[in-house]
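Heads up: the structure comes next, in structure tokens.
The values are calculated or read from the model by the stated rules, or taken from the named source; none is laboratory data. As the structure is a prediction and not an experimental result, all values here were calculated from the model. Neighbour counts are summed over all protein chains in view; Cβ atoms, including those assigned to glycine, are modelled from backbone coordinates with ideal geometry. The accessibility values were calculated without ligands, DNA or RNA, using every heavy atom of the protein model including side chains. Shrake-Rupley method; radii C 1.70, N 1.55, O 1.52, S 1.80 Å.
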Amino acid sequence: MSTDRFDEQIASLLDTAEPTPELQPGWEQRAMAAMAAAAAGPARRAPRLVTVIVVALVLMLLAAAVFAAVRYFLVEGTLRFTSVQPAGPGGPGGEVSHFLSQGEEWMTSEGIAFDADISPDGREVAYSFRRGDPCDWAHIVVEKTDRSAIVDLSGKAGMHGVSCAPNWSPDGRMISFMHFDPTPGQRPCNAERHLWVMNADGSGAHQVTPKGSPRTDRAHWSPDGSRLLTHLDGVGTIITDIWGQHIEVAPYVGMNPRWSPDGTMIVSAHSRAGEVDGRPGQWHQVVVTDGNGNHPKVVVEHFFAFGDLEAGYPGPKSGKSLAEWVDDALCYVGPRDAVFSPRSDKIAFLAAMPYDPSGPHFLSQVEVWLYDLNTDETTRLTNDDMEQDSLFWRAETTDRVGPEWEESAPPR
Amino acid sequence: MAEADVTSVELPDEREATDRLLRGLHSAEPAAHAELCARFGRRLHRFAARRLRGDAELAEDIMVATLADGVRNIARFDPRRAVFSAWLFGIARRHVTAELRRQSRRKSVPASAQVSMHSLPEQHATGDVAEDVTGRIEAKRQVAMLREHLSEIEMEVLVLHCVDQLSLREIAQVVRRSERGIKSLLHRARQKARERLGADEH
């Protein structure tokens with residue numbers, strides 16, 4: 001291949017991998033104004049070396065003083081999680097602590113509330129609401145946490161069909177959700193779910209993922225509220241702006257992605273088939289990328305042999321076949337549900353590492369772990385027979401914390 | 001193999017246009033600002049966006065700042081020492097470097113901690129959107145592979161030449177190296193890229 005053709009191939013490869021983004025309308029006026037201002041002002045003179053050194057020394061001394069003063073006030077925050085005592089011969093079991101978390105449902109007198117998400121200021125809760133099965137109708141509802149008001153946002157937006165999985169933007173001004181119009185006879189899980197965003201008052205509802213795109217999953221907001229992470233079936237994880245105009249595939253971002261509070265990293269879970277010492281199984285990983293989904297780093301990795309999971313099968317009394325048992329175990333043994341600490345320097349996650357086939361149920365072997373990004377150290381925080389779930393890290397330094405809902409006081 | 005640098009010579013028409021542009025910039029004519037914007041705005045934006053991982057807004061800020069710096073400091077530009085486009089790209093490069101340095105001070109995954117993509121699971125795609133996306137994923141994988149095997153400066157020279165269409169002389173001025181050194185770097189970068197892409201196909 002000639003040099004010119006090779007150069008063209010390289011250019012084409014780079015353009016495909018990293019397409020040039022469009023310039024915003026009005027960029028020329030902005031540039032002209034900046035140039036006119038620059039032409040009117042004096043030229044910048046290069047600072048003298050002595051000046052640079054003196055300024056640098058002063059800044060270093062100042063920074064050292066400020067760091068010494070501020071360090072004292074930095075608080076790590078508290079890692080909270082739901083810890084459930086499994087039912088056993090000694091009693092029915094019970095919940096040790098309980099938080100409103102995703103995936104929970106409450107039966108109400110009118111229907112079922114599910115997929116709840118508390119607003120960042122803790123004053124409202126957004127949830128999906130449906131009236132029994134079949135699930136061909138569900139609305140996004142926002143309710144004051146003191147139960148003083150309730151608004152049917154989907155109804156206000158004139159939307160029909162099923163809207164679910166609401167998520168507040170970090171500033172509490174918008175809500176992302178999934179929406180689909182079910183066709184007769186179609187199961188909701190097979191429907192073409194799309195990602196939508198609307199204002200918190202129900203106005204401005206618009207579809208984010210393009211028409212005709214594959215089914216999407218629950219979205220996660222970037223800390224600055226400008227982007228959303230979600231999963232497209234058959235494509236993988238994507239990062240999009242709230243209008244769906246700039247969609248980037250993030251191939252290194254796996255399941256259950258979470259942005260770090262400072263927005264510079266994303267943590268997610270990956271798994272892949274593998275074999276160790278002739279034993280087939282699955283590698284499970286916690287992977288951290290930068291805030292754009294690039295530069296992956298595997299921070300935690302553990303191999304689960306199918307044989308070990310099968311050996312833990314309690315038999316048909318579990319109500320599951322062997323295959324179902326192994327599938328369930330693979331979902332639960334982790335590492336999974338990774339979340340960043342408020343200072344973005346640690347990652348908490350759940351995992352049953354190592355999995356002991358002669359031990360209790362795999363759920364009871366799941367413990368809370370901590371990975372330190374600065375030291376690369378992994379530490380186990382819990383070691384008991386409780387079932388740990390719903391990791392949630394809150395900063396003690398802020399009072400913008402959602403209320404803790406007891407099971408005895410569901411939203412309706 | 002001798003590799004011709006077809007873009008290394010500024011044609012008389014181009015030189016005359018650049019001279020006219022410089023005269024206009026010296027006398028702060030709005031028409032010259034408009035021409036500067038038209039000739040270099042998109043190229044500088046693309047240059048910055050590629051180095052800032054597609055951050056369009058930041059790239060636009062840097063493009064605007066570069067054009068403004070160019071206008072503000074036009075008296076310091078010496079046509080006997082540098083090509084005008086290279087001088088502008090050099091300003092943009094300094095802005096990008098400063099921005100990347102700012103970003104690196106914020107917490108991020110250290111480069112040394114990056115892992116090979118082969119250790120991550122493959123993703124398969126279906127459908128029209130998926131096909132388009134799959135192509136991009138594959139291209140991203142190949143580019144990441146090139147970045148892994150080419151040094152930072154080799155990759156930069158390759159991109160400046162193939163994508164930004166800068167001549168060897170211009171590249172030498174942008175990255176502040178000798179033209180001879182750039183020629184050697186480009187040759188090595190092409191050779192490594194050929195080997196890696198060739199090996200990848202098999």
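Points worth noting:
- Averaged over peptide A:258-270, the number of partner chain Cβ atoms lying within 10 Å of each residue's Cβ comes to 2.
- Shape class of the range A:110-249 from the Cα gyration tensor (axes a ≥ b ≥ c, square roots of the eigenvalues): oblate, since a/c reaches 1.5 or more and a/b does not exceed b/c.
- Per-residue mean of C-beta atoms belonging to partner chains within 10 Å, peptide A:289-296: 5
- Low-density loop positions, chymotrypsin sites (Phe, Trp or Tyr not before Pro), the range A:247-319 - DSSP coil, at most 11 other Cβ in 10 Å: none
- Ellipsoid semi-axes for the range A:252-292, based on the Cα gyration tensor and the rule √(5λ), read 28, 7, 6 Å when sorted largest first.
- Pair residue B:77, residue A:324: separation of 7 Å Cα→Cβ label points (nm): 7.4 nm
- Counts of other chain beta carbons within 10 angstrom of each beta carbon in peptide A:366-376 average 1.
- Rounded to whole Hz, the Karplus (6.51, -1.76, 1.60) HN-Hα couplings of the range A:201-214, x for glycine and proline: 9, x, 8, x, 5, 8, 7, 9, 6, x, 4, x, 6, x
- Relative packing of peptides B:60-71, B:169-180 - highest average C-beta neighbours within 10 Å first: B:60-71, B:169-180
- Derived scalar couplings ³J(HN,Hα) [the range B:34-45; Karplus, 6.51 cos²θ - 1.76 cosθ + 1.60; whole Hz; x for Gly, Pro]: 4, 5, 4, 4, 5, 6, 10, x, 5, 5, 5, 5
- In this assembly, the A-B interface accounts for approximately 5800 Å² of buried accessible surface in total, computed with a 1.4 Å probe and without ligands, DNA or RNA.
- Near residue B:154, once Lys and Arg are set to +1 and Asp and Glu to -1 for all other residues with Cβ below 11 Å from its Cβ, the sum equals +2.
- Filter on A:211/A:297; A:297/B:140; A:156/A:211 - keep pairs with C-alpha separation over 27 Å: A:211/A:297
- Accessible surface computed residue by residue for the range A:255-385, with neighbouring protein chains in place and a 1.4 Å probe, gives 42 Å² per residue.
- For the range A:255-385, the share of accessible area belonging to carbon and sulfur comes to 49 percent (1.4 Å probe, ligands and nucleic acids excluded).
- For residue A:209, the residues whose amide H sits under 5 Å from its own are A:195, ignoring neighbours fewer than 5 places away on the same chain, with H placed 1.01 Å from N.
- Mean accessible surface per residue for the range A:110-249, computed with a 1.4 Å probe while every protein chain stays in place, in Å²: 42 Å²
- Protection-proxy order for peptides A:239-245, A:266-272, each taking the mean of Cβ atoms within 10 Å per residue, highest first: A:266-272, A:239-245
- Mean silhouette area of the range B:11-107, derived from the convex hull of its C-alpha atoms and averaged over all directions, reads 6.6 nm².
- Each residue of the range A:236-247 was assigned a 3J(HN,Hα) from its phi angle through the Karplus expression (A = 6.51, B = -1.76, C = 1.60, θ = phi - 60°), giving x, 7, 10, 10, 9, 6, 6, 9, x, 8, 10, 10 Hz with x at Gly and Pro.
- With bins 5 Å wide beginning at 0, the percent of Cα pairs of the range A:255-385 falling in each bin runs 2, 11, 20, 21, 18, 13, 8, 5, 2, 0.
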